[in-house]
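Enquirer: Handing you this structure, nothing more for now.
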Amino acid sequence: MNNYLKAILGSSVVAVSVLGIVAESKAAPAPIERDKIVFSCEMLNGQYVTIEKLVRETVNPVSAVVYEEKVVYENPLPLVAWTASLDSDDPKGEYTPESRCQANSTRLTNLAASFGLHTVEDIGLLGQVAEFGTANSQGVLFVSYPKDSKASTENVIFTLKPENRKDGKEILTQFQIGVSGSIGGPGLPEVQLPIVE
């Protein structure tokens, strides 16, 4: 009987060991890190501003669940300060500085992701496809991609407030230089940031 008990216990230990190896081999894959550009809407000095950040995410590669996010770079200058309210066809009313900041920051983040721009160096490419034009009879910055696309409600980056529409080309230059994390430099005109919208 003693040998019988030893055999049962011995086989139980082997079974538990085998189950442990199988369970270990089916364990979740190691998390990976990935970078993404985020344009964040924040309150700064009493104004809603859009700030460009590089965020590093720790992600489950199978389920895409984000375990952790940390900011690894933040542009020291806001890109846009949202100060004006614009008329809206929406029954809820006008676009306030806060709603413009939220919507346009999200739009910029989505544009960066859709173009596959994941680094601070890459994000300057967004400025390269930006143009000034008119959509819905309003001055806008828009994505001209493929090249020479016309402005439409589908490719608007943001609508300029009425006072800025006459200076659309200058606002475009501010955006192009500002989105690349610069305020000028060799071969680039100096610009003042944030763009006051």
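Enquirer: Measure off, as a whole percent, the carbon and sulfur share of the 1.4 Å-probe accessible area of the range 40-89, all protein chains present.
Expert: 47 percent
Enquirer: Run the accessible area of the range 103-197 with a 1.4 Å probe and give the carbon-and-sulfur part as a rounded percent. Present the calculation step by step, with values, prior to reporting the outcome.
Expert: Numbers: 2560 of 4960 Å².
Here carbon and sulfur together make up 52 percent of the probe-accessible area.
Enquirer: Moving on to the next point. Provide the three semi-axes, in whole Å and in decreasing order, of the ellipsoid equivalent to the range 26-68 as defined by the square roots of 5 times the Cα gyration tensor eigenvalues. Can you show the working numbers first?
Expert: Working: eigenvalues 204, 15, 8 Å².
Semi-axis lengths for the range 26-68 are 32, 9, 6 Å.
Enquirer: Apply the Karplus curve 6.51 cos²θ - 1.76 cosθ + 1.60, θ = phi - 60°, to the phi angles in the range 160-176 and return the couplings in whole Hz, x for Gly and Pro.
Expert: 7, 5, x, 5, 8, 5, 6, 10, x, 5, 5, 5, 4, 4, 4, 5, 4
Enquirer: If eta is 0.890 mPa s and T is 25 °C, what Stokes-Einstein diffusion coefficient results for the range 56-190, Kirkwood Rh from Cα pairs, in µm²/s? Walk me through the numbers on the way to the answer.
Expert: Working: Rh = 16.4 Å.
Approximately 149 µm²/s, per Stokes-Einstein.
Enquirer: List every residue whose amide H lies under 5 Å from the amide H of LEU160, counting only residues 5 or more places away in sequence or on a different chain, with H placed 1.01 Å from N in the peptide plane.
Expert: Those lying under 5 Å, H to H, from LEU160 are GLY139, VAL140, LEU141.
Enquirer: Which distance in nm do the two modelled labels at HIS118 and VAL71 give, with both placed 7 Å along the Cα-to-Cβ direction?
Expert: Those two pseudo-labels are separated by 2.2 nm.
Enquirer: Provide the packing ranking of 155-162, 142-149, i.e. peptides ordered by the mean count of other C-beta atoms within 10 Å per residue, highest first.
Expert: On the way: 155-162: 19.4, 142-149: 14.2.
Most protected by this proxy first, the peptides run 155-162, 142-149.
Enquirer: Using the Cα centre as the reference, give the magnitude of the dipole from point charges on the C-beta atoms of the range 67-197 (Lys, Arg: +1; Asp, Glu: -1; all else neutral), rounded to the nearest 20 debye.
Expert: Details: 10 positive and 18 negative charges, 51 e Å.
So the magnitude is around 240 debye.
Enquirer: Counting only Cα atoms, I'd like the Rg/Rh figure for the range 41-130, Kirkwood definition for Rh. Kindly include the intermediate steps, with their values, before the conclusion.
Expert: Values: Rg = 15.4 Å, Rh = 14.9 Å.
Across the range 41-130, the Cα-based Rg/Rh ratio is 1.03.
Enquirer: With a cap of 10 neighbouring Cβ atoms within 10 Å, and only residues DSSP puts in a loop, list the GluC sites (Glu not before Pro) found in the range 138-174.
Expert: Sites meeting the loop and neighbour criteria: GLU154.
Enquirer: For ARG165 and LYS150 in the same chain, what is the full-extension length gain: residue separation times 0.36 nm, less their Cα-Cα distance, in nm? Walk me through the intermediate numbers first.
Expert: Numbers: separation 15, 0.36 × 15 = 5.40 nm, distance 1.68 nm.
Gain on extension, ARG165 to LYS150, equals 3.7 nm.
The values are calculated or read from the model by the stated rules, or taken from the named source; none is laboratory data. Keep in mind it's a predicted model, so treat the numbers as computed, not measured. All Cβ positions, even for glycine, are placed from backbone atoms using ideal geometry, and neighbour counts span all protein chains on display. Ligands, DNA and RNA are excluded from the accessible area calculation, which covers all protein heavy atoms including side chains. Shrake-Rupley method; radii C 1.70, N 1.55, O 1.52, S 1.80 Å.
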